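J.: Dumping the structure here so I can ask a few things about it.
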Amino acid sequence: VNGVIEIPVVVNVLYRTASENISDAQIQSQIDALNEDYNATNADFTLVPATFSGVKANVGIRFVLDQTVRKSTNKRSWNTNDYMKISSRGGIDPTSPATKLNLWVCTLSNDILGYAQFPGGASATDGVVILNTAFGRTGTAAAPFNKGRTATHEVGHWLNLRHIWGDATCGTDYVNDTPLHNTANYGCPAAGHKSTCTGTPVEMTMNYMDYTDDACMYMFSNGQKSRMLATFVSGGPRYSFAQ
Ligand code: ARG
Ligand code: ZN
Ligand code: CA
């Protein structure tokens with residue numbers, strides 16, 4: 001891996017209503033948000049508290065819109081069974097999933113904002129799914145999920161990151177420079193919120209891999225950066241994207 005990694009992005013839009021057929025501007029606003037968040041040029045990066053200034057990261061991955069695929073459907077909503085990724089189920093098959101990041105944008109059931117496939121899964125379903133109203137920063141994107149951070153979070157999973165609380169009480173995310181968290185944080189926690197885990201550390205609630213509102217998450221750590229970039233090395237599960 002030499003220099004900044006560049007990832008072509010295919011955006012697959014499934015729509016029943018006109019508003020679900022999101023605009024090119026909304027799509028571009030999501031690409032812009034990903035580029036800011038993964039290159040530490042997001043305006044709120046300066047809000048990272050001093051406690052974490054030594055570990056805040058510029059990940060160094062660029063996202064380039066490759067193409068947008070749109071398909072009209074009579075389905076009112078989709079769920080996590082991946083049918084949106086399968087044309088015979090009414091969805092859209094991914095385009096070149098070994099070399100392009102596929103995003104599917106649709107209406108999801110059960111208040112799901114998005115979900116991702118971790119590295120190492122089937123190529124036919126590889127990529128990230130995002131709720132249309134949590135996608136991008138304009139158009140139908142709705143507060144408090146209108147800063148494009150659902151995609152930032154899901155692409156983190158796609159690059160092997162776990163939730164910062166490790167999906168367990170004081171669980172592990174396998175990253176050394178992120179503190180232990182009791183559990184997921186929601187909304188916008190007050191500064192200095194401490195966990196009751198070993199050592200009662202201050203939680204990194206502004207990390208993209210927590211569950212806080214878009215306006216209250218604005219950093220990855222250096223350890224998370226290493227874990228993501230490790231997927232691109234020779235023999236790594238995302239090596240095909242590093243060519
Ligand atoms: N709940 C989703 C997941 O576990 C995404 C959460 C995204 N949070 C946000 N503020 N956009 O993958
Ligand atoms: Zn998640
Ligand atoms: Ca950790």
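None of the figures in this text is laboratory data; all of them are computed from the coordinates on show. The structure displayed is predicted, hence computed values, not measured ones. Positions of Cβ are generated from backbone atoms using ideal geometry, with glycine treated the same way; all protein chains shown enter the neighbour counts.
J.: Given labels modelled 7 Å from the Cα in the Cβ direction, how far is it in nm from C170 to N182?
T.: In this crude spin-label approximation the distance works out to 1.2 nm.
J.: Still on this structure, please answer the following. Simple spin-label model, 7 Å along Cα-to-Cβ: V233 to A43 in nm?
T.: In this crude label model, V233 to A43 measures out at 3.8 nm.
J.: Moving on. Taking a label point 7 Å from the Cα of S87 along the Cα→Cβ vector, which residues of region 50-79 have an amide N closer than 16 Å to it?
T.: Flagged as within label range: 68-73.
J.: Taking the chain as the reference, fit the longest principal axis to its C-alpha atoms, fit the long axis of helix 149-158 to the helix C-alpha atoms, and give the angle between the two in degrees, 0 to 90, nearest 10.
T.: Tilt of helix 149-158: around 90 degrees.
J.: Further, regarding this structure: Would you work out which of F232, T140, P201 lies farthest towards the positive end of the dipole of region 111-243? Charges go on Cβ: Lys and Arg +1, Asp and Glu -1.
T.: It is F232.
J.: For the chain, what is the mean residue ellipticity at 222 nm derived from helices alone (per DSSP H run of n ≥ 4: -39500 (n - 2.57); sum divided by total residues; nearest 500 deg cm²/dmol)? Mind dumping the intermediate values first?
T.: Details: 3 runs with 33 residues, N = 243.
Theoretical 222 nm ellipticity from helices: -4000 deg cm²/dmol.
J.: What pairs from K56/K194; K56/K147; K56/K100 go past 24 Å between their alpha carbons? Before the final figure, lay out each step's value.
T.: Details: K56/K194 19 Å; K56/K147 19 Å; K56/K100 27 Å.
The pairs that break the limit, which is 24 Å between Cα atoms, are K56/K100.
J.: Which net charge results for the neighbourhood of D126, defined as the other residues with beta-carbon distances under 13 angstrom from its beta-carbon, given Lys and Arg at +1 and Asp and Glu at -1?
T.: Within the 13 Å Cβ shell, the charges total 0.
J.: Can you tally the net charge around N79? Count Lys and Arg as +1, Asp and Glu as -1, for every other residue whose Cβ sits under 13 Å from the Cβ of N79. All intermediate terms of the calculation are to be shown ahead of the outcome.
T.: Details: positive: K75, R76, K85, R89; negative: D82, D111.
So the surrounding residues net to +2.
J.: What residue among T51, T138, T183 shows peak mean-square fluctuation when the chain is described by a Gaussian network model with Cα springs under 10 Å?
T.: T51
J.: Same structure, new question: In nm, give the distance between the simple-model label positions of A242 and S72, each being 7 Å from the Cα along the Cα-to-Cβ direction.
T.: 4.4 nm
J.: Counting other Cβ atoms within 10 Å of each Cβ, which trypsin sites (Lys or Arg not before Pro) in region 63-121 have at most 10 and sit in a DSSP loop? Write out the running numbers ahead of the final one.
T.: Numbers: sites: R70, K71, K75, R76, K85, R89, K100; in loops: K75, R76, K100.
When the trypsin sites (Lys or Arg not before Pro) of region 63-121 are filtered for loop state and at most 10 Cβ neighbours within 10 Å, R76 remain.
J.: Run the lone-cysteine check on the chain: no other Cys C-beta under 4.7 Å from the residue's C-beta.
T.: Unpaired cysteines in the chain: C106.
J.: Given Cα pairs under 8 Å that are at least 6 residues apart, what percent is the relative contact order of the chain? Don't skip to the answer; put the middle values down first.
T.: Values: 523 pairs, mean separation 52.4, N = 243.
It comes to 22 percent, rounded to a whole number.
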